[in-house]
Amino acid sequence: MSPELKRDTSVDAVPFIGEDESGDGIVDRVPVKLYGPNGNLISTTHPLAVRQPGSNTFGHGEQDVTTAGTAEQLATQDCREITILAKDGNSGKIFVGDSTVSASSFGAFLRSGDSVTIAVENTDMIYIDAENNNEGVRYYYV
């Protein structure tokens, strides 16, 4: 059994959220204790840097489904999460899912003005399909 890393929850060890001053994506610093297989304390680290997946930027885009019944992949962009909003002018449903998304197989469906937020490492993990031609979504990511 290998050593186990646990968050230090003692009174004097309070985690803090720091700024990403260097631009390297490391923003969280959390005190932890490392325990051996038999439960004995091996070491204490104050703090441990935790790298956040995705990018440190905010962006947005839009995607339409040219032909209803055809899954369309969102453009590639590193992110932590994405919020997808069905366009206000849509008259039918938008289906959100993976590469197999369809009207009968989807993770979520959106009506005009609806939104869903999903934690992903890249926007290109998301595909959309639509009930009607030339309807789609706007999205923003961070």
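Sort out which residues of region 120-133 are aliphatic (A, V, I, L, M) and either farther than 10 Å from E81 by Cα or not in a loop (DSSP other than H, G, I, E, B) (or both), and write them in order of number. Before the answer, list the steps.
Initial filter on region 120-133 (aliphatic (A, V, I, L, M)): 120, 125-126, 128, 130.
Once the filter is applied, which keeps residues that are aliphatic (A, V, I, L, M) and either farther than 10 Å from E81 by Cα or not in a loop (DSSP other than H, G, I, E, B) (or both), region 120-133 yields M125, I126, I128, A130.
Selection over region 104-134 of residues that are in contact (Cβ under 8 Å) with a residue 24 or more places away in the chain, surrounded by fewer than 20 Cβ atoms within 10 Å (Cβ to Cβ) and within 18 Å of the chain's Cα centre (by Cα) gives a count of 10.
Of the strands (runs of 3 or more DSSP E) lying entirely inside region 20-119, those containing at least 3 residues that are at pLDDT below 80 span 26-35, 41-51.
The values are calculated or read from the model by the stated rules, or taken from the named source; none is laboratory data. Keep in mind that this is a model prediction, so the values were computed, not measured. Methodologically, a virtual Cβ is constructed for each residue, glycine included, from the backbone with ideal geometry; neighbour enumeration extends over all protein chains shown.
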